[in-house]
Every structure is written in structure tokens, then in C-alpha cells.
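Structure record follows, encoded as C-alpha cells.
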Amino acid sequence: MGRLSGKIAIVTGAARGMGEATARLFASEGATVVLTDVMDELGATVAKDIGGSASFYKHDVSSDENWAEVVGKVVEAHGTVDALINNAGLVHFTPIEHFNPDDAGKIFGVNTVGPMLGAKHVAPAMKAAGKGSIVNISSVDGLRGCNGLTLYTASKWALRGLTKSLAYELGTSGIRVNSIHPGGVNTPMGNSRDLPPDQLAMAFRRVPLQRIGEPDEIANASLFLASDESSYITGAELAVDGGWGAGYFQPVLPGAPEGLPP
């Protein structure tokens, strides 16, 4: 307990799934947590349930103006930002023959531009403090290619590259920037068909650990990178994928279109 004692953390996409698990874990470890999401009712409910150490802002991460507003309010209320977890993300299943360029703005806007804007707006406060941690939630698909997920994969590779560039740019100011690469995770997005445990186990039987991950397991990785325990780690990519990225393991969920991942 207390691994984030006294720290101010922003977690995007925190209304459910990995973001919610991260916000709850950070609060339990002593952080003051600011949850953000476009799902305002759900996000506000989570923040209220966490209690006095948590607050919520409705937040479109693809908006420069919205980032300025949210970070401005956090700095006004708390004086600084110690950690930013860029968790908000969108998945996109489309064979390349059906790619619509209009979709690129939406997917890259949330998955890549959003974290870039987040870094832009928290950097001044972190530089003034001489420290800070930015954690970008990429994907196992930011480490390899994936059939049918071309646009999503491109956005997550871009986030991986952004992480390394920011690590160079901000490191001299004491700011660390790292990426986490989850595999399959049992969240509303990762298990969109709400499959029961036995079917999920079958779908992920070829992953080395032979199961889907849980949101808390990703949250624990974010906790480590946000804490002082990782003080000499920056520009790194941490795979939290059950070994999926170690080889070619393509789970196929029941009812999924042929050739497409879960």
C-alpha cells in the first residue's frame, strides 16, 4: 500500500475496463486520481464509488481544447500532474479492401493523437516539478502485425514510436515515458461478445499462458511504471500479453468473421 502516496494521476478511458481497474488500483495505492472518459455517467459513477481521492471529467482525448481544459483544472486543483495513463482507445476491424479513409481520423485521433496531446499538456507541469511518468497503453498489435486490424495496428505502432520519441525529448526534464502492450484482456472491448469463461479459455488456448488477461493485470503494470520503483526505466515497451507476442498465436472467438481476431 502507498506506492503512489501523494501523487496526482490522470487516467483516460477510465469509465470501465482497464482504465477503471487502473484508477481503482492507483487510488488504493495512495494516489489522487482524475478519471476521464466520454462516457460521463459511467465515469462519474466509478469516481464516486472510489471516493474522495477521485474525480471525473468528461473528456474527448482527440480534442486539443478539451485536454487544455482538463489538465488546467487538475493543475489548478492539485498543483501538478505526476502521472498520466493514456489508456483511452478504440479498436477497428476492417479488411484492407474495405478500408475507409474517414475512419483513420477517428482511430488515430483517439489512439495516437490523444496521447500526443496528453503529453503536450502535462509536460509543462511535469517539467516544473522535474519529474513525471507518462504511460501509453498500446497493444500486442503495436509489436507485430495482425490480420484484419490494419488501421488499429498502425495506430498502436505509431503510439509505440511516439513513446520512444517522447522518452528522448522529455527525459532531460526528469519525465519518463513508457508503453504497455496488452494482449487479450477481459474487458467490454476485449470480450465484446461477453463470452463465458469456458469459451474464452478455448479461444485463448494457444497463447502460452492459455488464458485471456484480466484488467487488474494491466493495471499492475501501469502502477509499476507510474511509481518510483521504475525510476530508471524510460522508452521501454512492456508486453503484458500472456506470451502472445512471443510467437504466432491467433485466438479465434466463436462467431468471429473468418480470419479476424477477437
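The values are calculated or read from the model by the stated rules, or taken from the named source; none is laboratory data. This one's a predicted model, so the numbers in the text were calculated from it and none came from an experiment. When we count neighbours, we look across all protein chains shown, and the Cβ atoms used for this are built from the backbone with ideal geometry, even at glycine. All accessible areas refer to the heavy atoms of the entire protein, side chains included, with ligands and DNA or RNA removed. Shrake-Rupley method; radii C 1.70, N 1.55, O 1.52, S 1.80 Å.
Modelled this way, with points 7 Å down the Cα-to-C-beta line, the labels at ILE96 and GLU69 are 4.0 nm from one another. For the stretch 96-192, treating each Cα as an identical point scatterer without solvent, what Debye log10 I(q)/I(0) comes out at q = 0.10 1/Å? Listed by q, the Debye log ratios stand at -0.31. Scalar couplings 3J(HN,Hα) for the stretch 197-209, obtained by applying the Karplus form with A = 6.51, B = -1.76, C = 1.60 to θ = phi - 60°, are x, 5, 6, 4, 4, 5, 5, 10, 5, 8, 6, x, 7 Hz; x denotes Gly and Pro.
Within a Cβ distance under 14 Å of LYS120, other residues only, what is the Lys/Arg minus Asp/Glu net charge? Walk me through the numbers on the way to the answer.
On the way: positive: LYS127; negative: ASP64, GLU65, GLU69, GLU169.
Summing Lys/Arg as +1 and Asp/Glu as -1 gives -3.
Apply the a/c threshold of 1.5 to the C-alpha gyration tensor of the stretch 1-82 and tell me whether it is rounded, prolate or oblate. Judged from the Cα gyration tensor, the stretch 1-82 comes out oblate (a/c at least 1.5, b/c at or above a/b).
For the options ALA203, ALA83, ALA119, a Gaussian network treatment of the chain with springs between C-alpha atoms closer than 10 Å singles out ALA203 as fluctuating the most.
Averaging Cα coordinates gives a centre for the stretch 154-187 and one for the stretch 43-88; these two points are 19 Å apart. At a 1.4 Å probe, what is the % contribution of carbon and sulfur to the accessible area of the chain? Here carbon and sulfur together make up 55 percent of the probe-accessible area.
Per residue, how much accessible area does the stretch 70-143 have with a 1.4 Å probe, in Å²? So the stretch 70-143 comes to 41 Å² accessible per residue, rounded to a whole number.
Once the mean 1/r over all distinct Cα pairs of the chain is inverted, what Kirkwood radius in angstroms do you read off?
Values: mean 1/r = 0.0544 Å⁻¹.
By the Kirkwood definition, the hydrodynamic radius is 18.4 Å.
Exceedance of the 18 Å cut-off in Cα-Cα distance is limited, within the set LYS7/LYS73; LYS7/LYS127; LYS106/LYS164; LYS58/LYS164; LYS73/LYS120; LYS7/LYS131, to LYS106/LYS164; LYS58/LYS164.
Multiply the residue gap between SER28 and GLN210 by 0.36 nm, knock off their C-alpha separation, and tell me the result in nm, one decimal place. All intermediate terms of the calculation are to be shown ahead of the outcome.
Values: separation 182, 0.36 × 182 = 65.52 nm, distance 2.94 nm.
Gain on extension, SER28 to GLN210, equals 62.6 nm.
Helix 17-28 axis versus longest C-alpha principal axis of the chain: approximately 30°, rounded to the nearest ten. Placing pseudo-labels 7 Å out from each Cα toward the beta carbon at ALA201 and TYR232 gives an inter-label distance of 4.2 nm. Computed extension length for SER173-ALA77: 32.3 nm, one decimal, from 0.36 nm per residue of separation with the Cα-Cα distance subtracted. The convex hull of the Cα atoms of the stretch 11-133, projected and averaged over all directions, covers 8.0 nm².
Projected over every direction and averaged, the convex hull enclosing the alpha-carbon atoms of the stretch 148-216 yields 6.4 nm². Within the stretch 139-233, list the chymotrypsin sites (Phe, Trp or Tyr not before Pro) lying in a DSSP loop whose Cβ has at most 11 other Cβ atoms in a 10 Å radius. Taking the stretch 139-233 and a limit of 11 other Cβ atoms within 10 Å, the loop chymotrypsin sites (Phe, Trp or Tyr not before Pro) found are TYR232.
Each residue of the stretch 36-46 was assigned a 3J(HN,Hα) from its phi angle through the Karplus expression (A = 6.51, B = -1.76, C = 1.60, θ = phi - 60°), giving 9, 5, 7, 8, 5, 5, 5, x, 5, 5, 5 Hz with x at Gly and Pro.
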